[in-house]
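Below: the structure, in structure tokens.
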Amino acid sequence: MKFLTFVVILIGWVFSLCLHEFSHAFVAYQGGDYTVKDKGYLTFNPLKYTHPVYSIILPLLFLVMGGIGLPGGAVYIERERLRGPRWETAVALAGPASNALLALILGLVLRLTPIAASSIGPGLAFLGLLQVSAVVLNLLPVPPFDGFGALEPYLPMEWRMKLAGTRGMLSWAVFLALSYIPFVGNVFWGLIFLLARTAGVPLLIAIQGLNQFMFWK
């Protein structure tokens with residue numbers, strides 16, 4: 001049972017990672033950055049989005065920390081090719097939007113079909129919870145998250161240059177805050193649970209999926 005849940009979540013998460021990064025690339029292509037096609041980003045090949053730190057180390061740490069979905073792909077958009085700041089914002093928000101859509105689809109499936117009571121139900125429910133956590137995490141308005149990417153085009157260039165060097169550091173700062181500051185963690189998870197319930201994800205079954213996924217505990 002635990003192995004099945006682990007496989008369902010792993011395969012589903014890889015798919016959602018590809019969808020997240022494909023969405024960034026697709027909107028960028030529509031906005032004028034046609035190089036994303038030559039780079040192979042308009043595919044669902046996870047190898048095209050792989051970065052040793054952002055694709056492997058950080059996502060695993062966030063998952064082990066407690067089931068936080070961190071899309072870890074790397075899509076390099078040539079922003080100067082986009083047709084204005086609105087397209088930059090659209091590109092940034094496209095990834096979280098794909099996670100939100102997937103969460104809604106999983107919520108509908110779990111709510112309207114008997115699959116929640118099946119052996120793969122816990123895995124799908126936890127996968128839905130992961131999608132919601134990915135949305136909340138990625139919309140944080142600090143680098144390197146997509147929420148900051150949506151705001152960045154409207155910031156003074158001086159600010160953008162100063163913040164550019166803090167991307168890696170702020171990732172770890174968020175990680176530590178969620179782990180060791182109870183108030184921050186409570187607000188974060190409270191919002192995730194609220195949104196997950198709204199999307200139709202059964203929380204008790206999702207927690208069961210989390211426990212089965214983390215078989216090493």
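The values are calculated or read from the model by the stated rules, or taken from the named source; none is laboratory data. Quick caveat: nothing in here was measured; it's all calculated off a predicted structure. Here Cβ is always computed from backbone atoms with ideal geometry, including for glycine, and neighbour counts include all displayed protein chains.
Among helices (runs of 4 or more DSSP H) lying entirely in region 1-98, which contain 3 or more residues that are at pLDDT below 85 and among the hydrophobic types (A, V, I, L, M, F, W, C)?
2-31, 58-66
Assuming Phe175 fulfils every condition listed in (1) of a type outside the set (D, E, K, R); (2) more than 14 Å from Gly69 (Cβ to Cβ); (3) under 17 Å from the mean Cα position of the chain (by Cα); (4) surrounded by fewer than 22 Cβ atoms within 10 Å (Cβ to Cβ) apart from one, which condition is it?
(2)
Give me the helices (runs of 4 or more DSSP H) completely within region 141-217, filtered to those with at least 2 residues that are of a type in the set (A, V, I, L, M) and closer than 26 Å to Ile105 by Cα, ordered by residue number.
Filter on region 141-217 gives 182-199, 203-213.
Can you report the number of residues in region 152-172 which are surrounded by 15 or more Cβ atoms within 10 Å (Cβ to Cβ) and either modelled with pLDDT of 95 or more or among the hydrophobic types (A, V, I, L, M, F, W, C) (or both)?
Selection size over region 152-172: 2.
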